[in-house]
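Student: Here it is: the structure, laid out below.
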Amino acid sequence: MDNIENLEEKLIFYESYHHNFYNKLVHIFFVPILLYTGIAIVDDISNYAAIIGTLFYSWYYINLDKVGGLSYSVILYIMYYYRDLITISEAFSLHIISWIAQILSHKYLEGRAPALMDSFFTSITIAPLYIWLELLSWFGYKTLFIDNIYIQGGKKLEKIE
């Protein structure tokens with residue numbers, strides 16, 4: 001499967017769980033916090049695992065979308081570099097708060113369970129890139145591609161309902 005088709009399939013899946021604008025805003029705020037605190041927590045267990053995880057996300061995103069992946073890799077590396085700015089207890093607290101906020105957002109704003117209930121791995125790997133590409137589209141990057149994701153995700157949601 002071509003990377004753009006693979007990316008499109010993953011983004012459509014994720015979009016079908018994130019159709020509400022306010023739910024998306026919650027995710028725009030909390031998904032990067034989850035990723036940052038996740039790096040900090042993993043680093044506390046094993047620095048090598050944190051490095052490997054950061055490199056994996058970077059490699060994966062670059063393979064799915066060159067511009068989006070490279071630009072988000074900068075953010076990933078900044079998160080990794082500053083992973084020690086928070087204590088492990090702060091990281092755990094923020095991590096838990098971020099999960100709770102997103103789950104409640106899905107329940108009350110989206111009206112359905114989060115995507116991770118159907119595909120955990122896809123959800124935790126694609127969420128940051130999904131949000132990043134959506135933000136980039138607000139500034140003109142791949143607007144037609146992202147508009148198509150919205151349309152296809154809406155169609156997928158209608159089939160589910």
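The values are calculated or read from the model by the stated rules, or taken from the named source; none is laboratory data. What you are looking at is a predicted structure, and each value in this text was computed from that prediction instead of being measured. Using ideal geometry, Cβ is built from the backbone for each residue, glycine included, and neighbour counts are taken over all protein chains shown.
Student: Out of the residues in the stretch 110-131 that are crowded, with 17+ Cβ neighbours inside 10 Å and of a type in the set (A, V, I, L, M, F, W, C), state the one that is modelled with the lowest pLDDT.
Tutor: LEU116
Student: All but one of (1) surrounded by fewer than 18 Cβ atoms within 10 Å (Cβ to Cβ); (2) under 17 Å from ILE100 (Cβ atoms); (3) touching a residue at least 40 places away in the same chain (Cβ under 8 Å) hold for ASP44; which doesn't?
Tutor: (2)
Student: While we're looking at this one, here's another question. Any chance you could count how many residues in the stretch 6-47 are hydroxyl-bearing (Ser, Thr, Tyr), over 28 Å from LYS159 (Cα atoms) and in contact with a helix residue (DSSP H, G or I) (Cβ under 8 Å, 6 or more places away or on another chain)?
Tutor: In the first step, residues of the stretch 6-47 are kept if they are hydroxyl-bearing (Ser, Thr, Tyr); the result is 14, 16-17, 22, 36-37, 46.
Subset that is over 28 Å from LYS159 (Cα atoms): 36-37, 46.
Still in the running and in contact with a helix residue (DSSP H, G or I) (Cβ under 8 Å, 6 or more places away or on another chain): 36-37.
Looking only at that region, the number is 2.
Student: For the stretch 147-161, what are the residues that are touching a residue at least 40 places away in the same chain (Cβ under 8 Å) and not small (Gly, Ala, Ser)? Working first, answer last.
Tutor: Within the stretch 147-161, the subset touching a residue at least 40 places away in the same chain (Cβ under 8 Å) is 148-150, 152-154, 156-157, 160.
Across the stretch 147-161, the qualifying residues are ASN148, ILE149, TYR150, GLN152, LYS156, LEU157, ILE160.
Student: Oh, and also: Could you please give the count of residues in the stretch 142-152 that are in contact with a helix residue (DSSP H, G or I) (Cβ under 7 Å, 6 or more places away or on another chain) and surrounded by fewer than 20 Cβ atoms within 10 Å (Cβ to Cβ)? First the steps, then the outcome.
Tutor: Within the stretch 142-152, the subset in contact with a helix residue (DSSP H, G or I) (Cβ under 7 Å, 6 or more places away or on another chain) is 142-143, 146, 149-150, 152.
Within this subset, residues satisfying the condition of being surrounded by fewer than 20 Cβ atoms within 10 Å (Cβ to Cβ) are 142-143, 146, 150, 152.
Going through the stretch 142-152 one residue at a time, the tally reaches 5.
Student: Turning to a different aspect of this structure: With more than 18 Å from the chain's Cα centre (by Cα), under 15 Å from HIS19 (Cβ atoms) and of a type in the set (Asp, Glu) as the only criterion, which of GLU158, GLU134 stands out? Reasoning before the result, please.
Tutor: On the way: GLU134 fails: more than 18 Å from the chain's Cα centre (by Cα).
Step by step, each of GLU158, GLU134 is checked, and only GLU158 is more than 18 Å from the chain's Cα centre (by Cα), under 15 Å from HIS19 (Cβ atoms) and of a type in the set (Asp, Glu).
Residues checked against (1) surrounded by fewer than 19 Cβ atoms within 10 Å (Cβ to Cβ); (2) more than 15 Å from the chain's Cα centre (by Cα):
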{"site": "GLU8", "(1), (2)": "yes, no"}
{"site": "TYR77", "(1), (2)": "yes, yes"}
{"site": "TYR80", "(1), (2)": "no, yes"}
{"site": "LEU85", "(1), (2)": "yes, yes"}
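Student: Filter the stretch 91-130 down to residues that are under 14 Å from the mean Cα position of the chain (by Cα), among the hydroxyl-bearing types (Ser, Thr, Tyr), in a helix (DSSP H, G or I) and over 16 Å from PRO32 (Cβ atoms), then give me how many there are.
Tutor: Qualifying residue count for the region: 1.
Student: Is it true that ASP118 is under 16 Å from PHE13 (Cα atoms), charged (D, E, K, R) and out of contact with any Pro (no Cβ under 6 Å at 6 or more places or on another chain)?
Tutor: Values: under 16 Å from PHE13 (Cα atoms): yes; charged (D, E, K, R): yes; out of contact with any Pro (no Cβ under 6 Å at 6 or more places or on another chain): yes.
So ASP118 passes the test.
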